[in-house]
Each structure stands twice: as C-alpha cells, then as structure tokens.
Amino acid sequence: MADISKDTVQWFPGHMAKTRRKIKENLPLVDAVVELVDARIPISSRNPELDELTSSKPRIILLNKCDVADANATAQWIRHFEEMGAHAMAVDCKTGKGLGKFDEVVKAALADKIAANIEKGMPGKALRFMVVGIPNTGKSTFINKMSGRNRLKTADKPGVTRTSQWVACGNGIELLDTPGVLWPKFDDPAVGDKLAFIGSVKDEILDAETIAVRLIDVLKRDYSDRLIERYKISNEDMELESYEILEKIGIARGMKIRGGEVDTERAAVTLLDEYRGGKLGRLTFERP
Ligand code: G4P
C-alpha cells in the first residue's frame, strides 16, 4: 500500500475507523456534504465509502483544480455526476474561479431545506456543510477561500476533530472548519499510478520510470499530440511500446549515459516534472 502525499498519512484501519466515526458524528450537525475531488482524476481521487457514509445528506461535488484539467473532460464529469443525482461544479479554489456559483448550487441542492426554513419563519437560518475529500484535493484551500481566511492549516489527520468550529462564509453559509480527510482506494494499483502522476504520492517511494511509462500509456491513448509536439516524436512512434517512447524522449533531450545508452531514469524524471509543471497542458486521466 502506498503512502500518500507529502503530508504522510498512513491509512491503517484505526485511522479509517476514526474517520468513519467522526463523519457519522458530525453528519447530523450539517445540512449537506461538500466533497472535493481532483478534476484530473475524478475517480481515483474519491473514496467510494463516502456514498454510504453520507447517504442521508445532499452532496455537492466540487471538481477542484479545473485550471489544470482538460475543460472538455470536466464538462463531461459535471454532466455525469448530475446524472447520478449529485450537484457538481468545476472550481479552481486557488484563485477562487468558479466559487461564485457555489451559492447557486447550494440553493439547488438544499431547495427543500431552504423552503422548510422559510416555512418555520427562519429564512435566514445558516446552512451548514461538512467538507470532505482525500488528502491534497484542496479542502483547506476551499475553506480558506470561502471564508476569506488565509491561515487555516489542516493537518492531514484522519477524521474531523472534536474541537470543530463553524467558519462563516457570508450568504448564510457555514463550514465545519476541520475537513473530513478520507483515504484513497489503494486496493486498485491504477489509483496509485494516477495519484502519482499528479504528484499526490510521495515521489521517493515510487520508481520514476515505472510511473513515467504508465503516464505514457495514458498519453499515447488520449493526448498523443502533446507528446508529439513536445518531444519531437513522430506519429508512427505512437505505435511503439511506452518504454521505447520514453527512450525517444531521452534521445530528444540528449540524455545519454556512458556507452551511448539512453538515460531513461532522467527522461522519466523530466517527463514527470514537465507534466506537473504544466508543460504538457491541461490533462484529465479519467473519463466517465
Ligand atoms: P487538502 O486540504 O485537501 O489536503 O488540500 P490543500 O488545500 O492543502 O491543497 C493541496 C494543494 O493543492 C496545495 O498546493 C494547493 O495550493 C493546491 N490547490 C488547491 N486548490 C487548487 C486549485 O484549484 N488549482 C490548483 N492548481 N492547485 C490547487 P501545495 O503545493 O501543497 O501548496 P502551495 O503550492 O499552494 O503552497
């Protein structure tokens, strides 16, 4: 099992049990759940247990980091989640782009609750939310941006702590200040690969060549133009094995080791760094 993120959370059963318990404890206090997912990997950055854990509350899914995801794919994902009965929207919590629509989505997701509040003579009653997601999806960034605070630092500790407080965001929206930190579903190795592509799994525990080859597998299929353009690889080369394409990348960059062999290790690190640095453009690795 991989050890996710620079914040080093090891998901052992005790952590998971504590998270489940805390989410269950806090659920009655909120009107809805805001789930952050990474728009580049909307399957691998979700924890499937959440559906069951929070089934009693409406859910708003934020496809965060849409600034670095493929815009067409993000639009497909929003449609997909909406078809599944959730409310979904694309955001870039770092800049706040898209968050202006949150209010509108809240009104749609909680229409019954808002109507009931009006009926009870409490039209201004605050609507309360729990923020959840796996590490690195942008939960603290979201809470900070919504509340105008910039100091909230969340340790990636599992679960929602007992000292939780409400953060007012204006427009009658309040968030639990400590997000529920879920774990990724590492039982599927492809999930680990995709978390590695985006840099959410510690680099030192991974073999760069293996991850780069898996990244090339996906790029060959969905974004061959980006590889061709950046690394001067021909269209015909796309028929090659991914490892051979990695060699081509090394050759294109003059990465040779003694004896004239291609330094595929360096080529792999270069490819991963350049992807993460935005040099291959906005990519999404999963489709509905
Ligand atoms: P978490 O609480 O869910 O664990 O995530 P957190 O808010 O700490 O965000 C994780 C990383 O993702 C941070 O980067 C944050 O800046 C970045 N991030 C959050 N939202 C967005 C977004 O919409 N777009 C992009 N491109 N990045 C986003 P970091 O490298 O850990 O920190 P820093 O570089 O911001 O200092």
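Among A267, S45, F102, whose Cα sits farthest toward the positive end of the charge dipole of the chain (+1 at Cβ of Lys/Arg, -1 at Cβ of Asp/Glu, about the Cα centre)? So the residue furthest toward the plus end is F102. From helices alone, the chain scores -12000 deg cm²/dmol at 222 nm; the rule is -39500 (n - 2.57) for each run of n ≥ 4 DSSP H residues, then divide by the residue total.
Computed from the C-beta positions of F186 and N235, the FRET efficiency with R₀ = 35 Å rounds to 0.45.
Going toward the positive end of the dipole of the chain, with +1 on Lys and Arg Cβ and -1 on Asp and Glu Cβ, which of C93, T137, L175 do you reach last? So the residue we want is L175. In the range 231-288, what trypsin sites (Lys or Arg not before Pro) fall in a loop by DSSP, with at most 11 other Cβ atoms inside 10 Å? Loop-located and lightly packed - R258. Give me the number: length gained by fully extending R226 to T210, i.e. 0.36 nm times residue separation minus the C-alpha to C-alpha distance, one decimal in nm. Residue separation times 0.36 nm, minus the Cα-Cα distance, leaves 3.8 nm. Label separation (E244 vs E82): 4.4 nm, computed from points 7 Å beyond Cα along the C-beta direction. Taking label points 7 Å from Cα along the Cα-to-Cβ direction, R149 and E119 give a separation of 3.4 nm.
Straight Cα distances below 15 angstrom link K101 to the aspartates and glutamates D92, with same-chain residues fewer than 8 positions distant left out. For the chain, the longest piece that avoids every one of the GluC sites (Glu not before Pro) found in DSSP loops with at most 12 other C-beta atoms within 10 Å covers 1-240.
The calculated FRET efficiency for A75 paired with S55, based on their beta-carbon distance and R0 = 30 Å, is about 0.65.
Look at where the Cα atoms of the range 221-288 and of the range 52-76 average out, and the two centres are 29 Å apart.
Mind checking the per residue accessible area of the chain for me, 1.4 Å probe, whole number of Å²?
Details: 14090 Å² over 288 residues.
Using a 1.4 Å probe on heavy atoms only, each residue of the chain averages 49 Å².
The portion of the accessible surface of the chain made up by carbon and sulfur, rounded to a whole percent, is 48 (1.4 Å probe; DNA, RNA and ligands excluded).
Electrostatic bookkeeping for A108 treats Lys and Arg as +1 and Asp and Glu as -1; over the other residues with beta carbon under 11 Å from its beta carbon, the sum is -2.
Specify the residue with the greatest mean-square fluctuation among I257, I134, I216, computed from a Gaussian network of the chain linking alpha-carbon atoms under 10 Å apart. Top of the fluctuation ranking is I257. If you run the Gaussian network model on the chain, springs between alpha carbon atoms under 10 Å, then out of L176, L195, L240 the most flexible one is L240.
The values are calculated or read from the model by the stated rules, or taken from the named source; none is laboratory data. Worth saying up front: this structure is predicted, and the values here are computed from it rather than measured. When we count neighbours, we look across all protein chains shown, and the Cβ atoms used for this are built from the backbone with ideal geometry, even at glycine. These accessible areas exclude ligands, DNA and RNA; they are computed on the full protein's heavy atoms, side chains included. Shrake-Rupley method; radii C 1.70, N 1.55, O 1.52, S 1.80 Å.
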